[in-house]
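The values are calculated or read from the model by the stated rules, or taken from the named source; none is laboratory data. For clarity, every value in this text was computed on a predicted model and none was experimentally measured. So basically every Cβ, Gly included, is an ideal-geometry build from the backbone, and we count neighbours across all protein chains shown. Just the protein is used for accessible areas: all its heavy atoms, side chains included, with ligands, DNA and RNA removed. Shrake-Rupley method; radii C 1.70, N 1.55, O 1.52, S 1.80 Å.
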Amino acid sequence: MEVLRLEDYKNLGFNVRDTFGNYISYYKDGKWDEGKIQKEDTITISAFSTALHYGQQAFEGLKAYRTKDGKINLFRVDENAKRLQNSCDQILMPKVPTEKFIDAIKQVVKVNEELVPPYGYGASLYIRPYVIGVGRNLGVKAAPEYIFGVLCSPVGSYFKGGLSPVNFVVTDRDRAAPNGTGQVKVGGNYAASLYSHRQAKEAGYADCIYLDPLTHTKIDEVGAANFFAVTKDMTFVTPSSSSILPSITKKSLMHIAKEYLNMNVEVRDVYINNLDEFSEAGACGTAAAITPIGRIDYHNQQHVFYSETEVGPVTRKLYDTLTGIYFGDIKAPEGWITQL
Ligand SMILES: *Cc1c(COP(=O)(O)O)cnc(C)c1O
């Protein structure tokens, strides 16, 4: 196995690296087995599995962070457990009990303890839980059996040269339907987003922005991240919609804005034609924590928020507070951190 040296932690991207093992548990005859750690990141399943044909699968994403004193922090892992249960429910997969979910993640982090990057590089251990429908099945229906697994890989800080704004373009395509699966973390939404993601990339943008699929007048999501903005009178605003995936990062930022930064918080419609009400904007999710939005292009209009080159002061405070909590430098609200 490739051993990471200190120097490597500065240059880690978001890629798969060799690890010491991953967790796997099987669901058969109505119950989950004990689960175990396996060495290889391969699984053997029937090619008839519903996960492969009908998209019966869901996943999660969270990170383990190394603190200054060498401990390991998991951030709001119970929230990931709950969200995965909701995803499973919506696509007829058996739920993974919260206790089993957290235990599996702890096992994976423990065997890969050496791969949790050292404090001070903004790097972390990315953790990827998943549930897939498996077994021999042809008709369109829920699978007879399931696998719950947890993979991981050390990943670098999203912003190598420090936090900086990026530009987005509004797409005419939709990633989810108004009453579809936009609010659950299933692969189908991602398959639906690949085309517009590539279009945006090829046009030189970081990613695309999706408008609400019903009226195409309001901001829904920013690629695979949630949107937030800050008004001139210090209100933290984030869109209200039934097709947005409820980001745990966003939920946390709403709390931070209110309790740490004394801001007002509003969940409401954000009209693409009324961006002038905001002084700053960003995308949020586990991968980057916060991605400051410099500019949004929509048809022939260009809207610059704070600046295309500099990060706004409120965005920076939100980012510093959130990442400070991740790495144990700032006191977390009760129950947010699970220490290993
Ligand atoms: C996972 C995900 C997010 C971010 O959620 P976090 O819990 O903050 O990581 C946002 N949008 C979509 C579509 C997602 O799949």
Filtered residue count, segment 173-191, keeping only those that are within 11 Å of the ligand (Cβ to nearest atom), more than 19 Å from Ile132 (Cα to Cα) and open to solvent by 40 Å² or more (accessible area, probe 1.4 Å) = 0
Single unsatisfied condition, Leu151 versus (1) away from the ligand (no atom under 16 Å from the Cβ); (2) closer than 20 Å to Met93 by Cβ; (3) not assigned by TED's automatic domain parsing to the domain that holds Tyr306 | (1)
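Hey, any hits in segment 85-95 for a residue that's touching a residue at least 60 places away in the same chain (Cβ under 8 Å) and either farther than 23 Å from Lys185 by Cα or touching a Leu at 6+ places or on another chain (Cβ under 8 Å) (or both)?
Filtering segment 85-95 for residues touching a residue at least 60 places away in the same chain (Cβ under 8 Å) gives 86-87, 90-91, 94.
This time we only want the ones that are either farther than 23 Å from Lys185 by Cα or touching a Leu at 6+ places or on another chain (Cβ under 8 Å) (or both), so: none.
No, every residue in segment 85-95 fails to be touching a residue at least 60 places away in the same chain (Cβ under 8 Å) and either farther than 23 Å from Lys185 by Cα or touching a Leu at 6+ places or on another chain (Cβ under 8 Å) (or both).
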Would you check if there is a residue in segment 61-78 being of a type outside the set (D, E, K, R), in contact (Cβ under 8 Å) with a residue 60 or more places away in the chain, away from the ligand (no atom under 14 Å from the Cβ) and more than 25 Å from Asn11 (Cβ to Cβ)?
-> no
From the option list Thr217, Thr249, single residue qualifying as more than 14 Å from the ligand (Cβ to nearest atom) and among the hydroxyl-bearing types (Ser, Thr, Tyr) is Thr217
Those strands (runs of 3 or more DSSP E) completely within segment 222-281 that have 2 or more residues that are open to solvent by 60 Å² or more (accessible area, probe 1.4 Å) are 264-268
Which of (1) more than 25 Å from Ala58 (Cβ to Cβ); (2) within 16 Å of the ligand (Cβ to nearest atom); (3) not acidic (Asp, Glu) is the odd one out, the single condition Arg268 does not satisfy?
-> (2)
